[in-house]
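Enquirer: Here's a structure for you.
The values are calculated or read from the model by the stated rules, or taken from the named source; none is laboratory data. Just so it is clear, the structure is predicted and the values come from calculations on it, not from any experiment. Every residue, glycine among them, receives a Cβ derived from its backbone with ideal geometry; neighbour counts consider all protein chains shown. Keep in mind that these areas ignore ligands, DNA and RNA; they rest on the heavy atoms of the full protein, side chains included. Shrake-Rupley method; radii C 1.70, N 1.55, O 1.52, S 1.80 Å.
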Amino acid sequence: MDSKIKQKAILICVVLLLLLGTGIVIVNYRNGNLTSGRRADTARTEEGSQTEAGNQGEHAEEPDAESLKDFLKDPSFFNREELEPVKPETVDAVRVTLSCHSSYRDLRVQIVDPQGELVTGIPFEVLLNGKDRYADQDKDGFIWIRGLSAGDYSIELAEVEGFRVPLVPVKVQVTDTIAFRYISDIALMIRQESEINVGAEDSGSHHSDADETAPIEILPREEGVTLGVDVSSRNGEIDWTKVQASGVEFAYIRCGYRGMTTGELIEDAMFRRNVKDAMAVGIKVGIYISSQAITELEAVEEASMAICLAREYAVTYPVFIEMESSMGQDGRESRADGLDRDTRTAVIAAFCETMENAGYRTGVMATASWLDKEIEMRSLNKFYVYLGEYRAKPTYEGTYVFWRYTEDAWIEGISGRTAVVAGYY
């Protein structure tokens, strides 16, 4: 009995609800809230459902375009005086970025454009860790910060009118150990001879050991020994076709040097032309750099310069660091002459290790007296030796693969006297 009563009660409630709903529909219909041509606006729900208010169906009238501007006539809609002026972004502003590198307790900062070129002529400033400010005083787009302690640093570029600077600082780690690897931005540190005082920076001619037997002509060639020349910008323009026709098989070409006074890296003015023209006639090429490095880091820089210049060409012979006593054209001694034997040996090793790590065969170019007295050759026995000794027969008892035996020979195609090399490579 109880279950039947419950069923009847539920049925009665359902009927009452249906009647109530029907009554509500009829009332809304009579009041005009429901028509066949219009839909009620859908309320925006708390869950963010999209409203359909204003979409009144295909028979709804579109508002007049002028009525949409009526609010502009109302001075109380907003107060124009309270609006802050917005400075439009300069149309021709140049976007610049920072490229940062570190070798040893230093930071080298480049300011570059979207094409990766240095932005010059602008007095940029950078902030180190948000406080220390460093300026690009010579406006060359390159800032070199040295003498830093090991640690993590942030670099940001100060705002400059007409440029869009990075908003996020660049993070760089500085170490206190020297890595014997190629410095990727070394090209920024290389100067041209047209930019410097050559007389004060270039070491002048070679200072090889010599005696009264020093040849002034090409020595008779032994079997298996090849003939080469050693040239630089001091030899002027060279006709390499004539040089090759005279029997020269290889050439050692100076790629550059470190300045004796300033210590800057300087590219030999004739390097690129000499390399290309010599290779064009089939002469094999090796290169060397005249060193004035006084630290291992400077040796890594010199090696990086040689790598930077050599990688553009198919250099097949070893790359050498020239270590000799030098004197500038103005009579001054070189900055590296005072090195002790251990430091000089460490400098050579740093150069050669850097070259080897980049995939090049390498060694030291020096006179017999320096190889015997100024360099600890037992520490460098895995590297090649290019001997400079101007005698009919060398006195050096160590192993060498090249011997420059004169700088007074005449070679067709080269004006003036030339350094000649015997090759055992």
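Enquirer: Using a 1.4 angstrom probe on the protein heavy atoms only, could you order 395, 213 from most to least accessible area?
Expert: Output order, biggest surface exposure first: 395, 213.
Enquirer: Post the alpha-carbon centroid distance, segment 105-179 to segment 341-375, in whole angstrom.
Expert: Taking the Cα centre of each part, segment 105-179 and segment 341-375 sit 33 Å apart.
Enquirer: Given a 1.4 Å probe and heavy atoms of the protein chains only, how would you sort 146, 221, 341, largest accessible area at the top?
Expert: So the residues, ranked largest to smallest area, are 146, 221, 341.
Enquirer: Same structure, new question: Once the principal axes of the Cα atoms of segment 127-284 are found, what is the range along each, listed largest first in whole angstroms?
Expert: 68, 35, 32
Enquirer: On to the next question. Report the label-to-label distance for residue 262 and residue 149 in nanometres (one decimal), using points 7 Å from each Cα along the Cα→Cβ vector.
Expert: That separation, rounded to one decimal, is 3.3 nm.
Enquirer: Could you report segment 261-365's accessible area per residue, 1.4 Å probe, as an integer in Å²?
Expert: 35
Enquirer: Shifting gears a bit: Largest first, how would 410, 144, 370, 240 line up by accessible area (1.4 Å probe)?
Expert: So, going from the largest accessible area down, we get 410, 144, 370, 240.
Enquirer: Compute log10 of I(q)/I(0) for segment 292-425 with the Debye formula, placing one identical point scatterer on every Cα and leaving out solvent, at q = 0.16, 0.17, 0.20, 0.22 Å⁻¹, to two decimals.
Expert: The Cα Debye sum returns log10 ratios of -0.90, -1.01, -1.31, -1.43.
Enquirer: Note the full-extension length gain between residue 241 and residue 225 as 0.36 nm times their separation in residues minus their Cα-Cα distance, in nm to one decimal.
Expert: So the extension gain works out to 3.6 nm.
Enquirer: Ignoring ligands, DNA and RNA, what percent of the accessible area of segment 256-394 is carbon or sulfur (1.4 Å)?
Expert: Solvent-exposed carbon and sulfur of segment 256-394 make up 45 percent of the total.
Enquirer: Pairs 284/393; 276/382; 276/393: which are spaced more than 28 Å apart, C-alpha to C-alpha?
Expert: Beyond 28 Å between Cα atoms: 276/382; 276/393.
Enquirer: Further, regarding this structure: Could you compute the net charge surrounding residue 216? Neighbours are other residues with a C-beta less than 9 Å from the C-beta of residue 216; K and R count +1, D and E count -1.
Expert: Local charge sum for residue 216: -1.
Enquirer: Would you kindly calculate the mean projected area, averaged across all directions, of the convex hull enclosing the Cα atoms of segment 385-425, in square nanometres?
Expert: Approximately 3.1 nm², given one-decimal rounding.
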